[in-house]
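Structure, as structure tokens:
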Amino acid sequence: MKVSEIKYERYTIEQAQEAYNKFEEAISAAKCAQDIVEARKIILGLIVEFSTASSLSYMRYSLNTRDEFYIGEKNYYDQITPLVAELQVKYCEHMLDNPYRAELDKLLNPILFKGYEIAKLAHDPRNIEDEQLENAIVTEYSILMSQMLLDYNGKQVPLSIVRGDLTACDRAVRVAAMESIGKGLEQNAEKLDDIFDRLVKVRDRQAKRLNLNSFVELGYYRMNRIDYDRAMIEDFRKNVLTDLVPVVAKLKAKVAERLGIRKVMLYDNEVFSATGNARPKAGKEGIFEAAVQMYDSMDPEIGAFMRSMMAAEAFDVDAREGKWGGGYCTEFAKYKQTFILANFNGSSDDIDVITHEFGHAFAMNHSMKHGDVEMAIGSMETAECHSMSMEFLSWKYMDKFFEEPQKYKFQHLGSSLSFIPYGVIVDEFQHIIYENPALTPAERNEEWNKLEQKYRPYLSTEGIPYLEKGTRWQYQMHIYEMPFYYIDYCLAQTVAFGFLAESRKDYDDALRRYINFAAAGGTKLFSALVKEANIANPFGKGTLKSVAAEINTLLEELTE
Ligand SMILES: [Zn+2]
């Protein structure tokens, strides 16, 4: 079946309640642990139905954020998601506390029970109204950003397209693109500040009701962080500052020299060569053709999966007005179907979509077919390893996509490395924001600029309209939509560097380890997964230092 032919039907709160009632009946009649395992299947069914309907509806909304019907459906799920979560928490309580718990522990993966405990900690029925409100505000931001048109070269253009020009070879083009972004955001400054302010307040209120110090803790619960804590993340950020930032600074100085510029400005950040970045040699059709060839030669199973996605028309990659501006991979569990959305803009980012999002899809597909709905592909740091590592395992085939694969590799590696300091800025910023919920918009921007100074001293926003005030974060949608998600990218990037290094020693072995990592999904914790794959743990002592050295050597090799 093609994705466009999947029939959308709303999954109602009444249906969820009915399923939950059946579960309660079953669990109160349970005579042994096995009966509870059976009862649990009713909830797994609920999760599949609910997630399929809400993700189908979200997908169709993101294709056209002006579609009144799917905006309505999205609003409906914004309202009922907290109510469904309430039912799920009741289910968690039953799973944690029943007469057969000891036996149950032997039948089910212990990770499930850790997840149930966290779900309980993150929940309070008194928060439901605020959770609904929070969802509605997030949607407000998403619609504002998707529908925002920027004045660019005398035309009205969506942000996702203008961003493509930040990789232009001609500096004047990059300046114009960045200025257009700055001015466009400035025109919406009041809305952007107001939306964020309401988000901070509504999140803070929920945390306080749970007797937590701040939303930071609740944010961590929501990210389902079982395996590492705040102190470890803080330590990771410190290591970035001491071990990685100097290497990135050196790289940026070298690039500045190549570009013949004195100072690297925010609009130079994505460019790595004086002759411009490597651009794919083909358009959309050619990229997909090359991707099929690549995955076929990589591994028969991966190739077959890519072909099945093509057959189902499970990609929507054309940038259009009104389309949601980012990229994502999602799944429709009931149909065991994955789907990828992107906004191709002719830059090398288009290739990253085919590799990054496809890495997600590969893991999702495996988990839908062989895994457990609740553990699925794991929490986000694990999921981003699937995607970011695939970006590097695709290196072997980059001649299919680029005239100058070496040039692409240099910029891909350079931007991946310089991404980490940016990622920790986003993470630390959110810690500051939620620990100080009373900050004014101007104070928030000041904090952002301080962090830029700390982690990206080699980069300047001076003179760029609006963005120089410290507002770069306002088009980082995760900050509004998915708090505390961002550090997961940094952890995963570190793991992906590990896979890159391994793939250069023995490609087939690294690929096999990657496939096992992805196939395990969420059935193991992050630390166990990296250990099993024999990749250095990002939290490990000295990991970032050795990663930085390794990447540095590789960058030097690629310059030659
Ligand atoms: Zn991703």
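In this label model, residue 534 and residue 419 are separated by 2.6 nm, measuring between points 7 Å along each Cα→Cβ vector. When only the Cβ of Lys, Arg, Asp and Glu is charged (+1, +1, -1, -1), the dipole of segment 3-128 relative to its Cα centre reaches about 240 debye. Here the gap between residue 24 and residue 254, fully extended at 0.36 nm per residue and compared with their Cα-Cα distance, gives a gain of 76.4 nm.
Note on the chain: with neighbouring protein chains present and a 1.4 Å probe, carbon and sulfur make up 50 percent of its accessible heavy-atom surface.
Remark on residue 265: its backbone amide H falls under 5 Å from those of 460, a criterion applied only to residues 5 or more positions apart or on other chains, H modelled at 1.01 Å from N.
Relative to the Cα centre, the charge distribution of the chain, modelled as +1 at Lys and Arg Cβ and -1 at Asp and Glu Cβ, gives a dipole magnitude of about 740 debye. Could you calculate the FRET efficiency of residue 155 with residue 186 from 1/(1 + (r/R0)^6), where r is the beta carbon distance between them and R0 is 22 Å, rounded to 0.05? So, using R0 = 22 Å, E works out to roughly 0.75.
For segment 211-298, lysine pairs with C-alpha atoms less than 27 angstrom apart, excluding pairs fewer than eight positions apart on the same chain, total 9. In this structure, the residue pairs whose Cα-Cα separation is over 32 Å, taken from 183/208; 450/541; 114/450; 208/334; 41/396, are 183/208; 114/450; 208/334; 41/396. In this structure the amide hydrogen of residue 272, modeled in the peptide plane, comes within under 5 Å of the amide hydrogens of 277, none closer than 5 places in sequence on its chain.
Highest mean first, what order results for 242-252, 53-63, 26-36 on Cβ atoms within 10 Å?
Working: 242-252: 18.5, 53-63: 20.5, 26-36: 15.0.
Highest mean packing first, the order is 53-63, 242-252, 26-36.
Looking at the chain, the accessible area is 40 square angstrom per residue; that uses a 1.4 Å probe and ignores ligands, DNA and RNA.
Once you sort the root eigenvalues of the Cα gyration tensor of segment 337-461 as a ≥ b ≥ c, which label holds: rounded (a/c under 1.5), prolate (a/b larger than b/c) or oblate (the other case)? Here segment 337-461 falls in the oblate category.
Look at the dipole of segment 3-128 built from charges on Cβ: of 37, 20, 115, the Cα furthest out on the positive end belongs to 115.
The values are calculated or read from the model by the stated rules, or taken from the named source; none is laboratory data. Keep in mind that what you see is a predicted model, and the values were worked out from it rather than measured. A quick note on method: Cβ atoms are made from the backbone with ideal geometry, for glycine too, and the neighbour counts reach across all protein chains shown. Just the protein is used for accessible areas: all its heavy atoms, side chains included, with ligands, DNA and RNA removed. Shrake-Rupley method; radii C 1.70, N 1.55, O 1.52, S 1.80 Å.
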